[in-house]
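Student: The following block contains the structure, expressed as structure tokens.
The values are calculated or read from the model by the stated rules, or taken from the named source; none is laboratory data. Owing to the predicted nature of the structure, the values given are computational and were not obtained by experimental measurement. Here Cβ is always computed from backbone atoms with ideal geometry, including for glycine, and neighbour counts include all displayed protein chains. Surface areas here come from the heavy atoms of the whole protein model, side chains and all, with no ligands, DNA or RNA. Shrake-Rupley method; radii C 1.70, N 1.55, O 1.52, S 1.80 Å.
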Amino acid sequence: MSEIDELKIKLAMACRLLCRAELVDYSGHISVRIPGTNHFLINPHPISRAEVKPEDILTFDLEGKRLEGKWNLPSELPMHTRTYRAREDVQCVAHLHNRMVVILSMADRPLIPASNPGASFGPGPIPVYQDPALIHTNEQGDAVARTLGSGDAAILRGHGSIVVGSSIERTFAACIDLEESATRLCYASLLGPVRFYTEDEVQRVAKGRGRLPVIQKIWDHSIAKAKVAGLLDGF
Ligand SMILES: [Zn+2]
């Protein structure tokens, strides 16, 4: 099996896992750069994120030109093309419609680490792109990439978020951590003032949490849960 075929399988699995975790709904997408090229793979517009298959995956270049695949492109493709252009270190981009992150942005509450999943993103706050319109143009994609800067995540106010990483597994784990961090912060805020992590606490927690075995454990656990639920039949 070729490296690209293996990436298509892993990307389709990641898409289903994000759907099961309710981080994407009928929209939202995840892409991965084909190593050493300016091409990337992404799930298509019309196929449910719950049942996307490796053969559904599309191939694009960084101009947004489709190179392979029969389905329509995701409408917010510029988020991917412009981020890959701006960040050579980024190998994977996920665009989420994640509920609790969006709820924080609706209340203008900054997402700052107050529990371990949040430490993965540094002392924060995670930057917020303020325009809620969907990202359909290169100019909008550039603006999102600027908001993201050199970080791993940015919040799209009232809309969702963008999460990037150096692999599918690492990006998926960050997607889980981002929503868990926001969820815990929302609930804790209902109880009263929140005790946020110090910079030293963020650094020490992030150091352990960013280790490859931890990332792999999050990925393997999510795969196992999905298999038990019969959501990865055929893989
Ligand atoms: Zn969107």
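Student: How about region 14-37: which of its residues are open to solvent by 30 Å² or more (accessible area, probe 1.4 Å) and either among the hydrophobic types (A, V, I, L, M, F, W, C) or under 11 Å from residue 96 (Cα atoms) (or both)?
Tutor: 19, 21, 22, 25, 26, 27
Student: Do we have any residue at all in region 55-73 that's touching a Gly at 6+ places or on another chain (Cβ under 7 Å) and within 16 Å of the ligand (Cβ to nearest atom)? Steps first, answer last, please.
Tutor: As a first pass, look at region 55-73 and keep what is touching a Gly at 6+ places or on another chain (Cβ under 7 Å): 57-59.
Cutting the leftovers down to within 16 Å of the ligand (Cβ to nearest atom) gives us none.
No, every residue in region 55-73 fails to be touching a Gly at 6+ places or on another chain (Cβ under 7 Å) and within 16 Å of the ligand (Cβ to nearest atom).
Student: Continuing with the same structure: Against the conditions (1) closer than 15 Å to residue 75 by Cα; (2) modelled with pLDDT under 95, where does residue 43 fall short? Just the number, please.
Tutor: Here residue 43 meets the rest and fails (2).
Student: Hey, among 201, 169, which residue is touching a helix residue (DSSP H, G or I) at 6+ places or on another chain (Cβ under 9 Å) and buried (at least 18 other Cβ atoms within 10 Å of the Cβ)?
Tutor: On the way: 201 fails: buried (at least 18 other Cβ atoms within 10 Å of the Cβ).
Answer to the check: 169.
Student: Looking only at region 81-99, which residues are within 16 Å of the ligand (Cβ to nearest atom) and under 19 Å from residue 21 (Cβ atoms)?
Tutor: 93, 94, 95, 96, 97, 98, 99
Student: Turning to a different aspect of this structure: Pick out the one residue from 126, 176, 103 that is away from the ligand (no atom under 16 Å from the Cβ), open to solvent by 30 Å² or more (accessible area, probe 1.4 Å), β-branched (Val, Ile, Thr) and touching a helix residue (DSSP H, G or I) at 6+ places or on another chain (Cβ under 8 Å).
Tutor: Values: 126 fails: open to solvent by 30 Å² or more (accessible area, probe 1.4 Å); 103 fails: away from the ligand (no atom under 16 Å from the Cβ).
It is 176.
Student: Moving on. If we keep just the residues of region 6-42 that are part of a strand (DSSP E or B) and out of contact with any His (no Cβ under 9 Å at 6 or more places or on another chain), which is nearest to residue 225 (Cα to Cα)?
Tutor: By that ranking, first place goes to 32.
Student: Quick check on my filter: what residues within region 19-40 are touching a Phe, Trp or Tyr at 6+ places or on another chain (Cβ under 7 Å) and either within 14 Å of the ligand (Cβ to nearest atom) or at pLDDT below 95 (or both)?
Tutor: 31, the sole residue that qualifies.
Student: Determine whether residue 181 is open to solvent by less than 20 Å² (accessible area, probe 1.4 Å) and either more than 16 Å from the ligand (Cβ to nearest atom) or under 13 Å from residue 78 (Cβ atoms) (or both).
Tutor: Numbers: open to solvent by less than 20 Å² (accessible area, probe 1.4 Å): yes; either more than 16 Å from the ligand (Cβ to nearest atom) or under 13 Å from residue 78 (Cβ atoms) (or both): yes.
Yes: the conditions hold for residue 181.
Student: Considering 178, 134, 185, which residue is aliphatic (A, V, I, L, M), at pLDDT 95 or above and under 15 Å from the mean Cα position of the chain (by Cα)?
Tutor: Details: 134 fails: under 15 Å from the mean Cα position of the chain (by Cα); 185 fails: under 15 Å from the mean Cα position of the chain (by Cα).
Checking each option against the conditions leaves just 178.
Student: Kindly provide the set of residues from region 106-119 that are away from the ligand (no atom under 16 Å from the Cβ) and open to solvent by 40 Å² or more (accessible area, probe 1.4 Å), ordered by number.
Tutor: Looking only at region 106-119, we keep the residues that are away from the ligand (no atom under 16 Å from the Cβ), and these are 107-119.
Matches in region 106-119: 107, 108, 109, 110, 112, 116.
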